[in-house]
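Everything below concerns the one structure shown next.
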Amino acid sequence: MSLFKKVLAFCLSFEGELANHPHDRGGLTWKGIARNAHPDWEGWAYIDKGQPPPDALVEKLYYERFWLPLKCDLLPPPIALFLFDTAVGTGNFEAVRMLQRSLRNVRVDGIMGPQTIKAANNANLYTVLDFFRIYRRRHYHRIVKNDPTQEKFLEGWENRSEAAFGVAVCMLPRNQTLAARFGLVADDGRVTGV
């Protein structure tokens, strides 16, 4: 199974099928695809007829509108997962800005260009993910501060972010884990001092 399909499966585990919560700014959604954000998605024709869209259409939208523009195939897998999952909830531009702030040595412009990709591939992944998680949390709190009707979603957003962080950390190369930062991993990869 490709990395994209694994990451998508993770993301979809947090999404329901058809939802239309009155306070959800995305409006009508199907498996996390918000009609307000993606009004031209082919799947709405099925939903408008009372039928579930084929999973292939769901996968196609996520691949073409998130995975490819975010250039996830060019990123370390833990960053790809966290970035993709963040973008599904915030949009690509804001998710890339959060990543760029986390990298600390690239221009924060919301564009996934060669400098951002290079910095992500040369960074300490744990540190980047840790900062990215903080920026994502701040983003959610800003939303709630600006629109208190969104508070009912805050716990779910935070739980999803923590789950994405946890999975991304499990994907890290052993030499970039928190244990390695504190000298608890030997050069050969064995965990020491435990």
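The values are calculated or read from the model by the stated rules, or taken from the named source; none is laboratory data. For clarity, every value in this text was computed on a predicted model and none was experimentally measured. Reconstructed Cβ throughout: ideal geometry from the backbone, glycine too, with neighbour counts over all protein chains shown.
Against the definition (surrounded by 15 or more Cβ atoms within 10 Å (Cβ to Cβ) and touching a residue at least 12 places away in the same chain (Cβ under 8 Å)), how does R104 come out, yes or no? Steps first, please.
On the way: surrounded by 15 or more Cβ atoms within 10 Å (Cβ to Cβ): no; touching a residue at least 12 places away in the same chain (Cβ under 8 Å): yes.
Answer is no for this residue.
Look through segment 163-194, keep the residues that are within 22 Å of the chain's Cα centre (by Cα) and exposed (fewer than 13 other Cβ atoms within 10 Å of the Cβ), and return whichever of them is modelled with the lowest pLDDT.
Only one residue tops the list, namely C170.
What pairs come out if I take residues in segment 49-65 that are touching a residue at least 12 places away in the same chain (Cβ under 8 Å) and pair them with residues that are assigned to a loop (DSSP other than H, G, I, E, B) and buried (at least 18 other Cβ atoms within 10 Å of the Cβ) whose C-beta lies under 6 Å away, six or more apart or interchain?
Note: pairs meeting the criteria are V58/K31; L61/W41.
Got a sec? Which of G113, G89 is touching a residue at least 60 places away in the same chain (Cβ under 8 Å) and either more than 21 Å from A163 (Cα to Cα) or under 15 Å from the mean Cα position of the chain (by Cα) (or both)?
Unique residue meeting the criteria: G89.
Evaluate segment 45-61: report whether one residue or more is surrounded by 15 or more Cβ atoms within 10 Å (Cβ to Cβ), closer than 18 Å to F93 by Cβ and modelled with pLDDT of 95 or more.
yes
Does G26 satisfy being outside the structural domain of R136 (by TED's automatic domain parsing) and assigned to a loop (DSSP other than H, G, I, E, B)?
On the way: outside the structural domain of R136 (by TED's automatic domain parsing): yes; assigned to a loop (DSSP other than H, G, I, E, B): yes.
Against the criterion (outside the structural domain of R136 (by TED's automatic domain parsing) and assigned to a loop (DSSP other than H, G, I, E, B)), G26 qualifies.
Got a sec? Which of Y62, Y46 is under 19 Å from A164 (Cβ atoms) and aromatic (F, W, Y)? Even if it seems obvious, please write down each step before you answer.
Details: Y46 fails: under 19 Å from A164 (Cβ atoms).
Testing whether each residue is under 19 Å from A164 (Cβ atoms) and aromatic (F, W, Y) leaves just Y62.
Mind telling me which of the residues H38, H23 ends up being surrounded by fewer than 13 Cβ atoms within 10 Å (Cβ to Cβ), more than 30 Å from R174 (Cβ to Cβ) and not hydrophobic (A, V, I, L, M, F, W, C)? Give the steps one after another, and end with the answer.
Working: H38 fails: surrounded by fewer than 13 Cβ atoms within 10 Å (Cβ to Cβ).
Step by step, each of H38, H23 is checked, and only H23 is surrounded by fewer than 13 Cβ atoms within 10 Å (Cβ to Cβ), more than 30 Å from R174 (Cβ to Cβ) and not hydrophobic (A, V, I, L, M, F, W, C).
Based on what the data block shows, is N122 crowded, with 17+ Cβ neighbours inside 10 Å and either at pLDDT 95 or above or over 19 Å from L8 (Cβ atoms) (or both)? Quick ask: steps written out before the conclusion?
Working: crowded, with 17+ Cβ neighbours inside 10 Å: no; either at pLDDT 95 or above or over 19 Å from L8 (Cβ atoms) (or both): yes.
For N122, the condition - crowded, with 17+ Cβ neighbours inside 10 Å and either at pLDDT 95 or above or over 19 Å from L8 (Cβ atoms) (or both) - is not met.
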